[in-house]
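S.K.: Let me give you the structure first, and then I'll get to my questions.
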């Protein structure tokens with residue numbers, strides 16, 4: 001290839017992956033896997049530019065959140081830096097009727113669902129535990145115990161089947177997010193078993209970002225993760241998780257496969273966590289700088305920018321405007337995060353039981369009396 | 001019209017009634033379908049309601065409860081069967097970290113009307129993991145409600161009330177009482193609140209608290225004590241979380257003495273919490289400390305010695321004697 005650029009897929013791990021846009025921004029028309037499935041995308045120029053805008057925006061909002069944490073305004077932040085393509089590609093592949101079950105890092109998916117990006121900040125600021133309605137947004141509450149949500153997603157998908165909502169292009173599907181570490185959890189494997197047995201309309205979307213906090217992939221598996229699917233009786237596909245086009249194409253196909261009644265798929269999005277696990281982590285203790293540098297060359301955003309430039313789909317005016325707009329969104333987000341009110345202490349007694357509890361009521365009353373006993377005194 | 005049926009059959013009728021009255025009710029568990037459950041509690045239900053509503057699941061307890069959560073988010077009302085008490089622990093994470101917290105986490109947006117049925121307790125000569133009483137683990141967890149029935153009529157009504165409730169409920173079934181009979185009016189609607197304790201034998205001298213399989217032991221002890229001229233009041237607690245202490249306080253203020261009985265190990269068991277509350281609320285009425293008759297603080301022992309492990313009539317009466325001897 002000209003200019004010393006690498007061949008498509010040259011950066012793939014052993015066994016390959018589906019890639020439709022190289023790190024240099026070269027477009028690959030289509031990819032046919034060993035299973036004989038062909039993947040491609042057919043975007044308009046506007047849609048390509050829209051994906052770029054999504055990627056830049058979610059990275060910018062993420063950077064703002066990291067800054068807010070460093071300034072003491074968030075208790076903790078789980079950054080998605082490096083995983084923007086995996087999240088935007090899969091998030092945009094969802095149809096409105098689809099249901100997503102996130103971990104605690106899917107801020108990019110949340111954004112692509114059209115949800116106000118401030119929604120998870122109550123959790124990270126410590127003013128609530130999440131607090132949104134999964135059914136309103138088709139986006140479940142963040143789940144922090146690793147892998148637990150894969151079973152919730154499986155059950156929800158079984159419900160879709162029981163409701164007769166599969167078997168047509170209008171059918172519903174579920175996407176369950178999790179990471180490479182989660183694949184070692186028994187519950188995730190149970191999710192695979194159940195989904196296979198019940199032929200559930202679900203896509204298991206594993207963002208393999210190479211690390212479970214400090215532990216590298218080698219501590220979780222001896223085989224590529226996508227190959228595990230064969231043991232459960234459904235297809236597994238590995239994609240270049242830093243390629244938003246491949247992520248979109250494969251996720252959209254897998255979701256449509258599910259909604260038309262053809263069962264689950266495991267997608268392994270091969271990517272890299274460029275930042276720390278969370279703001280409390282120090283990755284310099286367990287990985288070397290050259291590794292991080294090698295992944296910078298595979299950045300999910302710069303390849304889209306290169307593609308848009310080469311194809312003359314966008315120029316500096318556009319790129320500048322996208323940055324500026326994202327910056328404004330970030331500042332707006334900052335202001336609204338800072339304005340999030342602390343909950344009244346007595347609210348800790350709210351929403352323990354749908355049917356209420358006389359014991360909780362009694363404790364609430366006791367707490368209120370205790371609080372009131374300080375009124376008028378300097379404490 | 002009242003029929004005389006076993007506690008197990010009463011549960012079966014109650015589940016059938018729940019399936020009939022709400023199409024969103026589903027039953028899921030290991031062997032609950034064709035087999036009808038290892039204790040036959042779901043006997044005949046799959047045949048009548050279909051494989052989509054009475055679901056034979058893969059052999060994975062976390063999966064049973066975890067998928068029930070997703071089904072509940074979708075609008076279903078799952079009734080999960082855990083085959084035996086000692087097999088609930090693979091599902092413990094899903095019950096304690098997810099089922100119990102989802103309503104709170106979502107600020108009341110997500111209700112999980114899930115019932116988790118667990119046959120519990122000893123006395124059936126079983127091997128390890130088949131005779132345990134793990135109720136305190138769940139009663140200790142905010143967000144869960146915990147109930148247990150002691151007779152066929154309560155079994156029939158409480159299982160229906162639990163399924164109709166929007167709260168997540170762990171429903172403990174006294175497995176050694178499955179075969180004991182009592183009168184149940186299958187046409188009657190429940191006329192007693194689910195989360196209420198009940199005085200099952202009025203008395204004036206001492207208050208005896210029990211639940212689940214121990215209610216029968218308590219009643220037998222009361223009968224025996226009666227012959228010695230001691231008039232024991234027996235309260236069936238029925239609801240372990242929340243506890244319904246009102247009738248207990250009323251009773252203890254009257255009798256001045258209180259003994260709590262349960263099969264679970266005494267250390268940090270329900271009896272400990274009850275003793276603390278009675279002491280706080282009825283301190284000036286007490287003639288003696290609240291005494292506990294419980295399983296010993298050992299792993300559930302081998303079947304050949306379980307009769308010595310389990311509280312029985314003699315141990316209960318011994319505690320009654322000690323209370324009076326204070």
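S.K.: State the three equivalent ellipsoid semi-axes of region A:24-138, derived from the C-alpha gyration tensor as the square roots of 5 times its eigenvalues, in descending order and whole Å.
M.R.: Details: eigenvalues 177, 59, 31 Å².
They are 30, 17, 12 Å, listed from largest to smallest.
S.K.: Specify the angular offset, from 0 to 90 degrees and rounded to the nearest 10, of the alpha carbon long axis of helix B:152-164 from the longest principal axis of the alpha carbons in chain B.
M.R.: For helix B:152-164, the angle is close to 50 degrees.
S.K.: For the protein assembly as shown, report the % of Cα-Cα distances exceeding 42 Å. Show your work: numbers first, answer last.
M.R.: Working: 91759 of 248160 pairs.
Here the tail beyond 42 Å accounts for 37 percent of pairs.
S.K.: How long are the semi-axes of the equivalent ellipsoid of region B:198-324, defined as square roots of 5 times the Cα gyration tensor eigenvalues? Whole Å, largest first. Write out the running numbers ahead of the final one.
M.R.: Working: eigenvalues 94, 57, 33 Å².
One finds semi-axes of 22, 17, 13 Å for region B:198-324.
S.K.: Based on DSSP, what percent of beta bridges with both residues in region B:198-324 are antiparallel, to the nearest 5? Each step should come with its number before you reach the end.
M.R.: On the way: 4 of 16 bridges.
Here the antiparallel bridges make up roughly 25 percent for region B:198-324.
S.K.: How many Cβ atoms of partner chains, on average, are near each residue of A:130-138 if near means within 10 Å of its Cβ?
M.R.: Numbers: counts 7, 6, 5, 5, 5, 6, 1, 0, 0.
The shielding value for this peptide is 4.
S.K.: Averaged across the residues of B:90-99, what count of C-beta atoms belonging to other chains lies within 10 Å of each residue's C-beta? Could the numbers behind the result be given before it?
M.R.: Details: counts 3, 1, 0, 7, 6, 0, 0, 4, 7, 0.
Per-residue shielding by partner chains comes out at 3.
S.K.: Further question: Under 12 Å from a point placed 7 Å out from the Cα of residue B:186 along the Cα-to-Cβ direction: which residues of region B:12-30 have their backbone N that close?
M.R.: Under 12 Å, as judged by backbone N against the label point of residue B:186, lie B:12-17 of region B:12-30.
S.K.: So in region A:180-275, what percent of DSSP beta bridges are antiparallel if you round to the nearest 5? Please list the in-between numbers first.
M.R.: Numbers: 2 of 13 bridges.
Around 15 percent of the beta bridges assigned by DSSP in region A:180-275 are antiparallel ones.
S.K.: When DSSP beta bridges are limited to those with both residues in the protein assembly as shown, what percentage is antiparallel, rounded to the nearest 5?
M.R.: 25 percent
S.K.: Please arrange A:62, A:11, B:297, A:243 by how many other C-beta atoms lie within 10 Å of their C-beta, fewest to most.
M.R.: Arranged by neighbour count, lowest to highest, A:62, A:11, B:297, A:243 become B:297, A:11, A:62, A:243.
S.K.: Then there's this: Could you tell me the relative contact order of region B:2-185? Use alpha-carbon pairs under 8 Å, at least six residues apart, and round to a whole percent.
M.R.: Working: 399 pairs, mean separation 52.7, N = 184.
Rounded, it is 29 percent for region B:2-185.
S.K.: Turning to a different aspect of this structure: Nearest 500 deg cm²/dmol is fine: what mean residue ellipticity at 222 nm does the protein assembly as shown get from its DSSP H runs of n ≥ 4 alone, each adding -39,500 (n - 2.57), divided by its residue count?
M.R.: Details: 24 runs with 262 residues, N = 705.
Mean residue ellipticity, 222 nm, calculated: -11000 deg cm²/dmol.
S.K.: Continuing with the same structure: Taking the simple approach of a point 7 Å from Cα along Cα-to-Cβ for both residue B:315 and residue A:302, what is their distance in nm?
M.R.: Those two pseudo-labels are separated by 7.1 nm.
S.K.: Specify the angular offset, from 0 to 90 degrees and rounded to the nearest 10, of the alpha carbon long axis of helix A:300-310 from the longest principal axis of the alpha carbons in chain A.
M.R.: Approximately 50 degrees, to the nearest ten.
S.K.: With springs only between Cα atoms under 10 Å apart, run a GNM on chain B and tell me which of B:251, B:131, B:165 wobbles the most.
M.R.: Of B:251, B:131, B:165, the Gaussian network model singles out B:165 as fluctuating most.
S.K.: Another question about this same structure. For B:103-116, what's the mean count of beta carbons from other chains sitting within 10 Å of each residue's beta carbon?
M.R.: Values: counts 4, 9, 11, 11, 12, 7, 9, 9, 3, 2, 2, 0, 0, 0.
The shielding value for this peptide is 6.
S.K.: Give the relative contact order (percent, whole number) for chain B; include only Cα pairs under 8 Å separated by 6+ residues. Intermediate results must be reported in sequence, preceding the final value.
M.R.: On the way: 733 pairs, mean separation 53.4, N = 326.
For chain B, the relative contact order is 16 percent.
S.K.: By its C-alpha gyration tensor, with a ≥ b ≥ c as the square roots of the eigenvalues, how is region B:117-162 shaped: rounded for a/c under 1.5, else prolate for a/b larger than b/c, else oblate?
M.R.: Details: a/c = 3.04, a/b = 1.20, b/c = 2.53.
Because a/c hits 1.5 or more and a/b fails to exceed b/c, region B:117-162 counts as oblate.
S.K.: What order do you get for A:76, A:115 when you list them from fewest to most C-beta neighbours inside 10 Å? Intermediate values should be presented prior to the final figure.
M.R.: Details: A:76 14, A:115 17.
Ranking A:76, A:115 by Cβ neighbours within 10 Å, fewest first, gives A:76, A:115.
S.K.: Also: Among A:274-286, A:313-325, A:152-164, A:200-212, what's the highest-first ranking by average C-beta atoms within 10 angstrom per residue?
M.R.: Values: A:274-286: 15.2, A:313-325: 13.5, A:152-164: 25.5, A:200-212: 27.6.
The most tightly packed comes first, giving A:200-212, A:152-164, A:274-286, A:313-325.
S.K.: While we're looking at this one, here's another question. Given a Förster distance of 45 angstrom, what is the FRET efficiency for residue B:227 paired with residue B:31, based on the Cβ-Cβ distance and rounded to 0.05? Intermediate values should be presented prior to the final figure.
M.R.: Working: r = 45 Å, r/R0 = 0.99.
That pair, residue B:227 with residue B:31, gives E of 0.50.
S.K.: Could I ask something else about it? How high is the FRET efficiency between residue B:2 and residue A:340 when r is their beta carbon distance and R₀ equals 45 Å, given to the nearest 0.05?
M.R.: Working: r = 58 Å, r/R0 = 1.30.
It comes out at approximately 0.15.
S.K.: Still on this structure, I have one more. Once you wrap a convex hull around the alpha carbon atoms of chain A, what is its projected area averaged over all directions, in nm²?
M.R.: If I average the Cα hull's projected area over directions, I get 22.3 nm².
S.K.: Sticking with this one: Given Cα pairs under 8 Å that are at least 6 residues apart, what percent is the relative contact order of region A:108-173? Let's see the in-between values first.
M.R.: On the way: 33 pairs, mean separation 11.0, N = 66.
Dividing the mean separation by the residue count of region A:108-173 yields 17 percent.
S.K.: Between residue A:45 and residue B:287, what is the label-point separation in nm under the 7 Å Cα-to-beta-carbon projection?
M.R.: Between residue B:287 and residue A:45, the label points sit 9.6 nm apart.
S.K.: Related question: With axes computed from alpha carbons, what is the tilt in degrees of helix A:316-338 against the longest principal axis of chain A, rounded to the nearest 10 within 0 to 90?
M.R.: Taking Cα atoms only, the helix is inclined about 20 degrees.
None of the figures in this text is laboratory data; all of them are computed from the coordinates on show. Since the model is a prediction, treat every value here as computed from it, not as a measurement. Every residue, glycine among them, receives a Cβ derived from its backbone with ideal geometry; neighbour counts consider all protein chains shown.
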